[in-house]
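Only one structure is covered here, and it is reproduced in the block below.
Values quoted throughout were computed directly from the atomic coordinates according to the rules given, and no laboratory measurement underlies them. In this text the structure is predicted, and so the values were computed from the model without any measurement. In this analysis, Cβ positions are derived from the backbone assuming ideal geometry, glycine residues included, and neighbour counts consider all displayed protein chains.
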Amino acid sequence: MKVGGFTFVRNAIRFDYPIVEAIQSILPLCDEVVVAVGKSEDDTLGLIRRIPSPKIRILETVWDDTIRQGGRVLAVETDKAFQALSPDLDWAVYIQGDEVLHERGLTAVRDAMERYADDRRVEGLLFDWLHFYGSYDYVAEAIRWYRHEVRIVRRDPDIHSYGDAQGFRRRPSEKLRVKPTGATIHHYGYVRPPKTMQDKARCFNQLWHDDAWIARNVPCTAAFDYSQIDALRRFEGTHPAVMRPRIAAMNWAFDRDLSANRWSFKDRLKLALECLTGWRPGEFRNYRLLR
């Protein structure tokens, strides 16, 4: 079985992306990893070049900043990395710059790839998700945060990144048939110093919206307001080993009074139904789960 990995990144230093840790977390699974490095305002290219692994192959790209609808440019960059992978791979492992695979899931992921390698019904493999918020001690709880997503796909030219690169589809827009791995991705998209987070929020909204929308909806403040989250819980588990030096160096304060969690009536009703039936009404699934 031959496995590749792929990701994309731009301005990783400016926006404090754990891209090095993200790549390191999938390296044990991969024979090669393609990193599409967009032309940056910082030394992102040097950062990736300094990762000590012969498996890494860098693809230098230029983002099309005229694409300002739905985060589509992120899918375009994802596809550049995917298409640059060797054509003879069995599987391709995708990781985004703020996602890290916990090492305790490596065996389960490898077993799943081997188990379904010859089962062509299975087009992708599914991961569980933890969305960290504010600091490394809190996880987002609200219904709107997705709980599962596809991060391994067949090396198939008909498979492409979908929407804002959250998941994948088969051309033209057919959901992939997938099996679960049971492994967990730690998503650190909302764990940054407040000033850096505000800078990222303003810049990245340009990938979804025009200037008028940003002027109306993104405040011109120096620091991101982490207090606006609806519901969090304290994280009681362990972080991936590759993240521990970054966590130890955290240099901002964030704390949350969990009694301040806000749940809408609709969310409370959905959670009650889930407790009774195991089904979460209205949950978005960007895939078709095979039984």
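Between the stretch 191-238 and the stretch 99-120, what's the alpha-carbon centroid distance in Å? Cα centroid of the stretch 191-238 versus Cα centroid of the stretch 99-120: 33 Å apart. At full extension, residue 2 and residue 210 could sit 70.7 nm farther apart than now, given 0.36 nm per residue minus the alpha carbon distance. The label-point distance for residue 271 and residue 202, in a model that sets each label 7 Å from Cα toward Cβ, rounds to 3.4 nm. Where does the charge balance sit around residue 169 when Lys and Arg score +1, Asp and Glu -1, over other residues with C-beta under 15 Å from its C-beta? Counting the neighbours of residue 169, the net charge comes to +2. Neighbour counting of Cβ atoms within 10 Å sorts the residues 30, 220, fewest neighbours leading, into 220, 30.
Fully extending the segment from residue 255 to residue 289 would add 8.5 nm, taking 0.36 nm per residue of separation and subtracting the current Cα-Cα distance. Of all DSSP beta bridges located in the chain, what percent are antiparallel, nearest 5? Roughly 45 percent of the beta bridges in the chain run antiparallel, per DSSP.
Once the C-beta distance of residue 90 and residue 221 is scaled by a Förster radius of 30 Å, the resulting FRET efficiency is 0.05 to the nearest 0.05.
Peptides 134-144, 89-99, 159-169 ordered by packing proxy, namely the average of other Cβ atoms within 10 Å per residue, highest first: 89-99, 159-169, 134-144. Estimated from helical segments only, the mean residue ellipticity of the chain at 222 nm is -7000 deg cm²/dmol, where each DSSP H run of four or more residues counts as -39500 (n - 2.57). Relative contact order of the chain, taken over Cα pairs closer than 8 Å and 6 or more residues apart, is 21 percent. Each listed q (0.08, 0.14, 0.16 Å⁻¹) maps to a log10 I(q)/I(0) for the chain from the Debye sum over equal C-alpha point scatterers, namely -0.34, -1.14, -1.51.
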